[in-house]
1. Under 5 Å between amide hydrogens, which residues at least 5 positions from LEU68 or on another chain qualify, with H placed 1.01 Å from N in the peptide plane?
2. Roughly how many nanometres apart are two label points built 7 Å out from the Cα toward the Cβ at LYS44 and ALA26?
3. Label the range 28-80 by shape, choosing from rounded, prolate and oblate, from the square roots a ≥ b ≥ c of the eigenvalues of the Cα gyration tensor; if a/c is under 1.5 it is rounded, and otherwise prolate applies when a/b is larger than b/c, oblate when it is not.
Amino acid sequence: MKNLRFILVLAVTLGASSAVVAAPDATGELWKILDTNQDGAISKEEASASQEVSSQWNLLDLNQDGVLSEKEFALVSLTK
């Protein structure tokens, strides 16, 4: 688990947008839906509207500031 967190932090730090697991269009659309106050971040409250994002919250909030940046959100893994 620590190794996974380290890898995710490294990917975000390096700006590895290629580390996106889900299709960019899917994450972009979900971002627009979840960022209801359009402040450029997804709060834990906003994320609760998505089961996928809520269940991955602890992995996605890499800096543990209580919100997801666009880079953190790009690591979301959407399953269908």
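Every number here is computed from the coordinates shown, using simple stated rules; none is lab data. Note that the structure is a prediction, hence the values are computed from the model and not measured. Here the Cβ positions follow ideal geometry from the backbone for every residue, glycine too, while neighbour counts run over all protein chains shown.
1. Correct list: ILE42, SER43.
2. Inter-label distance under the simple model: 2.6 nm.
3. It is rounded, given that a/c, with a ≥ b ≥ c, falls under 1.5.
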